[in-house]
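Values quoted throughout were computed directly from the atomic coordinates according to the rules given, and no laboratory measurement underlies them. Treat the numbers as computed from the prediction; the structure is a model and nothing was measured. Heads up, the Cβs are rebuilt from the backbone with ideal geometry, glycines too, and the neighbour counts pull from every protein chain shown.
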Amino acid sequence: MPDRQRLTETLIDLIKIDSPTGEEDAIDAHLSGILAYLGGVVRHDDYGNLVATFPGSDGSGSQTPVMLSAHMDTVEPGRGIKPTLDADGETLRSDGTTILGGDCKAGIAIVLEGLTSAIEDGAPLRPLQVVFSRAEEGGLNGARNLNFSLVEAKSGMVFDGEGAVSRVCVGAPAQNIVQCHITGVAAHAGLEPENGVSALLVAANILTRLPLGRIDHETTSNIGLLEGGLKRNIIPERAYLDGELRSRDQAKLDNYTAEFRRAFDQVAAMYPKAEIELNIWSQYRAYSVPEKDPALADISRAVSSIGLTPTMETTGGGSDANVFFEHGIVALPVGIGVRDFHTTRETANLSEIYDAARVCQEYISLK
């Protein structure tokens with residue numbers, strides 16, 4: 001049975017190790033030591049992703065291993081985090097100047113405690129692999145650069161979802177990245193504005209033609225960054241747009257991507273002196289798991305074994321699971337007891353994290 005006090009201390013210790021994206025070395029060294037101590041064969045790929053293999057109770061590794069996964073990096077502001085526990089003894093939060101880092105330190109703590117408890121209890125264990133990725137935030141770059149020759153697992157749990165562990169994510173969207181560099185013509189805004197072509201005005205015309213926001217129940221789009229210009233008295237020569245399209249339906253994603261391209265082409269025709277360099281590419285693909293999938297049934301069994309009712313949900317966000325699916329690994333995200341990801345309001349519910357550690361132990365125990 002997991003130890004709640006140890007789990008809480010582990011989580012707080014992990015939170016206090018700064019690990020913003022690109023600076024995961026310290027937490028990697030910490031986790032590598034723990035996993036080696038627990039008996040794992042720890043390896044790293046060229047990108048620095050951590051893969052620890054445990055052969056299972058009989059030591060033969062005759063079964064295909066299952067995967068336990070989380071990511072090591074956090075978003076900003078995530079340096080010098082000061083975790084504090086509410087008076088109720090249930091809720092962990094930061095001091096309000098930073099994120100908490102429960103995303104995804106809670107996921108890591110759950111994996112460590114579930115594995116430690118299973119070993120302590122002496123229960124027969126399935127062969128398993130722990131995959132802790134780097135640079136998940138902002139593009140799933142660790143998973144996309146993972147050396148999959150190190151990974152034998154074909155199914156698993158990704159501890160990176162919001163809310164309770166009973167929330168199992170069975171569908172997630174594909175994402176296309178949209179970036180555009182616009183070059184207009186600079187001119188003095190007071191002396192010869194008619195000789196300039198404003199890159200910002202070109203960008204504004206593009207934005208008015210794009211379908212943005214919630215398009216339907218499984219499709220969204222956004223332009224999250226617009227920048228350009230130098231000074232108020234210069235017709236802006238350059239502008240830059242950065243955005244995305246997401247959908248759980250690939251045909252819809254393709255159609256709206258084509259609509260985006262048409263909008264950019266229409267504006268380019270309006271401003272023949274401007275240069276519009278548009279680049280749209282796939283960041284990751286969608287996945288959807290049928291109700292009777294064996295991997296889903298395996299996770300549902302573990303959730304139900306501690307008295308919780310699994311709920312199957314879809315999401316509008318991506319995770320390492322999207323990349324795992326592309327490589328034939330049915331690894332489903334579950335809740336880690338954390339809410340308000342990526343904000344200074346982020347909280348972690350210790351009872352839900354404890355439940356997740358129990359589910360983790362049940363999942364890796366042979367039945």
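Inverting the mean 1/r over all pairs of different Cα atoms, compute the Kirkwood radius of the chain and quote it in Å.
22.1 Å
If you average the C-alpha positions of the stretch 212-230 and of the stretch 82-161 separately, how far apart do those two centres end up, in angstrom?
Going from one Cα centre to the other spans 30 Å.
Quick check: residue separation of T97 and R209 times 0.36 nm, minus the Cα distance between them. What number comes out in nm?
36.5 nm
Would you mind ranking S69, S247 so that the residue whose beta carbon has the fewest other beta carbons within 10 Å leads the list?
Ranked by crowding around the Cβ, least crowded first: S247, S69.
Using the Karplus equation 6.51 cos²θ - 1.76 cosθ + 1.60 (θ = phi - 60°), what ³J(HN,Hα) coupling, rounded to whole Hz, does each residue of the stretch 141-152 give in order, writing x for Gly and Pro?
Working through the residues one at a time gives 5, x, 5, 5, 9, 5, 7, 6, 5, 7, 10, 9 Hz.
Among T220, I280, A186, which residue has its Cα furthest toward the positive end of the charge dipole of the stretch 174-284, with +1 on Lys/Arg Cβ and -1 on Asp/Glu Cβ?
Going by the Cα projections, it comes out as T220.
Report the label-to-label distance for W281 and D340 in nanometres (one decimal), using points 7 Å from each Cα along the Cα→Cβ vector.
The modelled label-to-label distance comes out at 3.7 nm.
Tell me which residues come under 5 Å, amide H to amide H, from A187 once H is placed; ignore anything under 5 positions away on its chain.
It is I235, by chain and number.
Please find the FRET efficiency linking A269 to T314, where r is the Cβ-Cβ separation and R0 is fixed at 30 Å, and quote it to the nearest 0.05.
So the FRET efficiency works out to roughly 0.20.
How long is the gain from Q250 to D293 if the chain were fully straight, where each residue apart is worth 0.36 nm and the alpha carbon distance is subtracted?
In short, 13.4 nm is gained.
Per q in 0.28, 0.32 1/Å, what log10 I(q)/I(0) does a Debye calculation on the alpha-carbon atoms of the stretch 225-274 return?
Summing over Cα pairs of the stretch 225-274 leads to -1.08, -1.13.
Quickly work out the E152-to-L366 label distance, labels modelled 7 Å from Cα along the C-beta direction, and quote it in nm with one decimal.
So the two model labels end up 1.4 nm from each other.
Treat each spin label as a single point 7 Å out from the Cα along the C-beta direction, and report the H44 to A123 distance in nm.
Each label point is offset 7 Å from its Cα along the Cβ direction, giving 3.2 nm.
About the Cα centre of the chain, how large is the charge dipole given +1 on each Lys and Arg Cβ and -1 on each Asp and Glu Cβ? Please answer in debye to the nearest 20.
About 540 debye.
Determine which lysines satisfy two conditions relative to K252: a Cα distance under 18 Å, and not lying fewer than 8 residues away in the same chain.
Cross-link targets: none qualify.
Which order do T64, T53, T315 fall in if you start with the one that has the fewest other Cβ atoms within 10 Å?
Neighbour counts put them in this order, fewest first: T64, T315, T53.
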